[in-house]
Every structure is written in C-alpha cells, then in structure tokens.
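Input: a single structure, listed below in structure tokens.
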Amino acid sequence: MKGYLGIDVGSVSTNLVFMDENGEIREAIYLRTRGQPIFVLQEGLRQLAERLPGNIVISGVGTTGSGRYLAGIIAGADVVKNEITSHAVAASTLVPGVQTILEIGGQDSKIIILRNGVVTDFAMNTVCAAGTGSFLDQQAARLNIPIEEFGKLALKSTVPVRIAGRCAVFAESDMIHKQQMGYSLPDILAGLCEALVRNYLNNVGKGKEILPPVVFQGGVAANAGMRRAFEQALGLEVHVPPHYNVMGAVGAALLAREKMAGGGTSRFRGFGVAKTRFKAGGFECEGCPNLCEVVEITREGEVIARWGDRCGRWSNSLGYKENAV
Amino acid sequence: MTLKVGIPRALLYYYYLPLWRTFFEALGLEVVISRPTTKTILEAGLQNSGDDVCLPVRLAFGHVLDLKDRVDVLFLPRLVSIARREYICPKFLGFPDMVRHGISGLPPLIDPNFNLYRKDSPYPFFVALGRNFTGNRLAIYLAYRRAMHAQARYVQLLEKGLFPEQALAVLYRGVAEGQEPGGGGPAVAVIGHPYNIYDPYISMNLLSRLARSGVRVRSADNLPETLVREQAARLPKHLFWSLGQRMIGAAWHYLQSPDVDGIIHVASFACGPDSLTGELISREVRRRGKPFLNLTLDEHSAEAGVVTRLEAFLDMMERRQFLPAGESV
Ligand code: SF4
Ligand code: SF4
C-alpha cells in the first residue's frame, strides 16, 4: 500500500497520520509532546510502523506545527508548512465549501476565514491562556472532573452560569464564587464553555466575518459543551469533522500528496529513524551583543541542523535554512 | 578635537537623519550614531524605562545608553509637529524629558523644539540649534541649506524604492544606488512606523525575510508625500497625526494599486495610534479583499510566531493567485 505521512509537532501534542492515495486517513496517532519533541516523534513513528502493514510505501511526508522544521529534519519531509495553511487545507478537503475554521488546541487557538476554498484572513493566539484549551483543563482539574466528562456534563445545563472575566485568573475566582453560591455543576461547566467562547470570539475572532459552513477543530472540539456554546453564540450550525484533533497532520499529509503529485521520490528517512540517536542541544553565541540561543540537532553525534541565530552565522554554515521566509 | 554629537538610531532617525547629520557635519562636528539594535541595547532600554510606555520609546532609551559614554553632547530634538496644522504622537515631545529623568550621568542634551504647526520653514529651529555650537550666522545658514538639500535627496532616493539604510549608504558612504530588484515575485506593502519596520531586530528581519522569499517590498516612504496626503484626505475626518496619515494614505494607495498583491500592517503593542490606524486599514482591506496581515510586535514577540504568520500570509497570496475562484484547495 502506498500513502502519505502527515506529522504535526506542537508544544502540547504530536500527531501523526497515514493517508492512503485516495485521501482516506488509515491511521492516526495522538501523543503528548511533554517537552520532548524528538523522542515523542520517534515514538509516534515506531507506533505507526507497528500498526501499518509491512508492504507500506511512503510516497511523501509533510510536517507542520511549531516543531515543523525539527520534525522535517528528523523524518525527512518533502513539504514543511505552517499550521494555518495545513489546517485550512485539511478542513476544506473534509468539509468542502467551509468558510470559517475555529480551532482551539491545548496551548493556542486560531481562526481561519476561507472564501472559495482559499484562506482570506486568519488570526492566532499563542499568548492568552483564557482563549485556549488549557483554560478548560485547569478548571476541570479544579472541579475534579475528568476532561472527557466535561462536555457531556455541560450539555445537561439548562441555565448556564455567567462566568465573568477575560482572563483565566479572574474567571477562576469567579467560578469558585459561583460554586460557593450553590449553582449546579452542569450550569457552571456550561458557563465556562461560554466564557471560553466569548474570550475566543473577542480575541482571535475579533473583526472576522464568520460565515457558514463553520468547522470547529482542535483538541477542544471533543467537548460537546463547547460546540453548543459556539452554536449559540454564533447562531450557526457548527461542524466537528472526523479527525478533528489531528487536522494539522491531515493537512500536512494532503500537502505532501499535492507536492509529490508531479512525481519524484520522497525524502522520507524511513521508519528506522525511530532507532537513530538524535539529540537537541544548544549554546549561547557570543559573537555579538545579541547573544543568540542557538539550537543544535545532532544525529549519531553529527550536527545536522542549527537555528535560532539572528545573523545566520550558524545555520548558514550547514547549508540549511531554518525557514522558507 | 572635534565635538561628538550623538544621534540615537531610533524613533524618527529613519525620517530625518540626513537633515540632522548633514547640518552637524557642515558645522564641523562629528556625528556618532548608536549601533544597530541588538538584544543588549533593547534590554538596557527596557531596564531603564518605565513599562507604561510603548516599545519603540523604551528601545530609544537603549540607544541613548549606547551613546552615553561615547559622545560629548546628545541630540534629542523635541518633536512637536512635523507638518503644518498637524501633530505627532506626544511621546516624541516628551522623550527628551523622559531621558533626562530616567538616565543619570548623561552628557549635555541638546533638545530644541521642532514645531512646524504654525510655520513652514524649519529655519528658526536650525538657527537655535546652530547657536549651541557657533555664533556664525552665515555658517549656520549654509549648513541649513546643505541639510535641506541632503534631506531632499534622501526623500528622492526613498521614492525611487530604496529603504532608509540603503538610501543612507548612498548618501554617506558613496554606495551606488543599485538597480531595483525586478523579478516577477508578488509585491507586498509593509505599513508601519519607520522605527518598527526598518529596525531589523525589532521587526525580526521582516523586510529581508520577505525579500528572500522573492517578494518585492514597498513601504509608505516609497510614495511621494503629496500622493499620500491626497489619499489620506479621502478619510471622512482629517487625521491630525502626521505618521498616522502617512500610513493610512499609503495603505489606501496600495490597496487600489494593481501592482501590489498584499498588505502587512506592523503595529506596536500598547501604541494607541497604531491600534487606530490598524483598525481603519483592516476595515478598508475587508471591503477591498486584498490579502492582509496584522503583525503586532512587543518585547515578548517570539520569532516563531512571526514566521508562522508570515508563511501563512505568503501561502494565502500564492494559493489565491494560482487557484481559480470556486475551486477547493
Ligand atoms: S548568532 Fe549572530 S546575531 Fe546571534 S549572537 Fe552570534 S553573531 Fe550575534
Ligand atoms: S506612535 Fe505609538 S509607537 Fe510611536 S511613540 Fe507614539 S505610542 Fe509609541
């Protein structure tokens, strides 16, 4: 069987998918990055190799996410794309005609506006926790509710409590206050969903023209309470596509297919890289007052990539470019 | 020994350096410019300024500190107004005092008022400035003429498509003007305060990143002043802020121009004027539907975030061009 590999390395999760030639997602793996992107990526590749039949041929590899360059080097990528483009490609393939993508992950959130299948506007939030999944994680932990139960419980709410606060800290103290006042748990949970939706729409969603079809993806889309809160706030139906939590990887696989459509051999290093010894190190350059923290990746002791230098002194010496831009 | 005058490479340096530098040099003084921004300069600025002001002003503190022990006097003009019946951000006016109170052990500050609100000619300003160094009125007049001439030449170079550092190299280091890099790449207009977009450290090499990906870059300063004003005049209300006018006028022009494929607005976090211009521009962009990116920079901006946004923006332009409308990606 032939197919494409899509890899999304983010700060919270590392996702891999295997897509066959017809665009069917055959395998999807979701792992926590836990600050060890190289190790977790290798683990993901190992698991994927185990699940796939032996006669597999990888015709192309795409990487995305904040660790896309790193992943591209480790796995040998044919295309390395930012997460906006990857998510947009995935959503518009799975939900043709999509005009709005709401994406909330564990550590960041974004909105992507498409018209006629092409991205026309987008925004990202990587700073404010009140607009991301970690907000719900924290509150669920406070309330001692497994995050998986969160959505189901929130749906039982009849009158969601209004939780004030634009920022996670305020929202938390207000929630504790509401709890002490005796509101029911489902109402509080639904209130938290509404607060997150409000924050999201006021932050990344600010000034964006949200038109249907609307797709909601990212890890937080698992939460049915969030989906309902979005539907109520927008007055529109909100779709949660299959593979909603690995859409970046799906997009990367689709982009790899697009890239390799013209023929050529993939740069994939093979599943054997799971056993190769990679190391990420770094040093502070004292070449000038910028004191850049240079990241250095080694394979079996040999330096294969460096980045983080503002002047290109270290990355250029390897004939390797950190970025496309 | 010649007296050394320090000029920080910050704030309106990118607009007015030839004016100041040529004037001082014509009077026989040596001009020392602070070094290009580095992490060390930025951090010194952050440590010595309050966190209630915008990043460009805090960075300018760092540039003053970079000059502090290397010059005999520091030139920090008190900029009140740079055009008739217009003002600029009050931070420029307050800057010399903020520096005086914030940094100890400074060389003498020379900070005459630069105020063209009711006047057309900056000559009185130069007379006052020149008197600090000489009693010779004729020498001051001649230096003034040379300065105005250098400034006019500088503006001409910018209008030919050069950026400030390139134009300064032509003026002061005799570098050849060079040919405008042609090529069929897309053209992007970068709209933002000069001290943000032309400072490679602060903008995270925005202009050179774009150039490296084959993009032809334009800015407000490549347009003649009259054209920018004409465009800005189309706003329902007259903007009294000179810099805001420039940015809006340029954005309006580039939005209509068929040669420009996309617009990037660069704003400083915590800058009131920028949030206003950003809002006005993004509304107009939405109406006209050109690819648009709003980049807000602050001292915490991570390079990775800027790169991701930029890549997505370039993809957005590219995919738009190559896909017929109605087809899915
Ligand atoms: S990598 Fe380049 S910019 Fe960074 S500290 Fe070293 S010499 Fe300076
Ligand atoms: S216009 Fe904005 S960035 Fe410039 S000095 Fe004023 S507040 Fe600062």
Reach of B:LYS91 by Cα under 19 Å, taken over aspartates and glutamates that are not fewer than 8 positions away in the same chain: B:ASP51, B:ASP52, B:ASP111, B:ASP199, B:ASP274, B:ASP298, B:GLU299
Roughly how many whole Å is it from the C-alpha centroid of the stretch A:168-231 to that of the stretch A:34-73? 33
Ordering B:ASP52, B:ASP111, A:ASP137, B:ASP274 from largest to smallest accessible area (1.4 angstrom probe), what's the sequence? B:ASP52, A:ASP137, B:ASP111, B:ASP274
Specify whether the C-alpha gyration tensor of the stretch B:184-320 places it in the rounded, prolate or oblate class, a ≥ b ≥ c being the square roots of the eigenvalues: rounded for a/c under 1.5, otherwise prolate if a/b is larger than b/c and oblate if not. oblate
Can you say what percent of the DSSP beta bridges in the stretch B:184-320, counting only those with both residues inside, are antiparallel? Round to 5. 0
Please report the buried accessible area for the interface of B with A, total over both chains, probe 1.4 Å, in Å² to the nearest 100. 2800
Using a 1.4 angstrom probe on the protein heavy atoms only, could you order B:LEU27, A:LEU114 from most to least accessible area? B:LEU27, A:LEU114
For the stretch A:45-182, the charge dipole (Cβ of Lys, Arg +1; Cβ of Asp, Glu -1; about the Cα centre) points to a positive end, and the Cα of A:MET124, A:MET175, A:SER86 closest to that extreme belongs to A:MET175
With B:MET1 itself left out, Lys, Arg at +1 and Asp, Glu at -1 over residues whose Cβ is under 15 Å from its Cβ give 0
Treat every Asp and Glu Cβ in the stretch B:1-135 as -1 and every Lys and Arg Cβ as +1, leave all other atoms uncharged, and give the resulting dipole magnitude about the Cα centre to the nearest 20 debye. 260
How large is the accessible surface of B:GLU177 in square angstrom, using a 1.4 angstrom probe and rounding to the nearest 10? 70
As straight-line cross-link partners of A:LYS81, the qualifying aspartates and glutamates (C-alpha separation under 19 Å, not fewer than 8 residues apart within one chain) are A:ASP8, A:GLU103, A:ASP108, A:ASP121, A:GLU258, A:GLU322, B:GLU303, B:GLU311, B:ASP315, B:GLU318
Roughly how many Å is it from the Cα centre of the stretch B:141-197 to that of the stretch B:243-293, as a whole number? 22
DSSP beta bridges in the protein assembly as shown, what fraction antiparallel, as a percent rounded to 5? 50
Using a cut-off of 16 Å between alpha-carbon atoms, which aspartates and glutamates can reach B:LYS119, once sequence neighbours fewer than 8 places away in the same chain are excluded? B:GLU86
Using a 1.4 Å probe on the heavy atoms of the protein chains only, list every residue of the stretch B:269-304 that has 50 Å² or more less accessible area in the complete assembly than in its chain alone. B:ARG286
Excluding A:PHE278 itself, calculate the net charge of residues whose Cβ lies under 14 Å from the Cβ of A:PHE278, where each Lys or Arg counts +1 and each Asp or Glu counts -1. +3
How big is the accessible area of B:TRP241 in square angstrom, nearest 10, if you roll a 1.4 angstrom probe over the protein chains? 100
Once Lys and Arg are counted +1 and Asp and Glu -1 for all other residues with Cβ under 11 Å from that of A:CYS292, the total becomes -1
GluC sites (Glu not before Pro) within the stretch A:1-105, DSSP loop, no more than 14 other Cβ atoms inside 10 Å: A:GLU21, A:GLU24
If you take every DSSP beta bridge whose two residues both sit in chain A, what share of them, in percent to the nearest 5, is antiparallel? 70
Computed [θ] at 222 nm, deg cm²/dmol, the protein assembly as shown (DSSP H ≥ 4; -39,500 (n - 2.57); rounded to nearest 500): -13000 deg cm²/dmol
Just read off the accessible area of B:ARG288 with the full protein assembly in place, 1.4 Å probe, to the nearest 10 Å². 110
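The values are calculated or read from the model by the stated rules, or taken from the named source; none is laboratory data. Note that this is a predicted model, so its numbers are computed, not measured. Here the Cβ is made from the backbone with ideal geometry for all residues, glycine too, and neighbour counts use every protein chain on show. Side chains included, ligands, DNA and RNA excluded: accessible areas come from the protein's heavy atoms. Shrake-Rupley method; radii C 1.70, N 1.55, O 1.52, S 1.80 Å.
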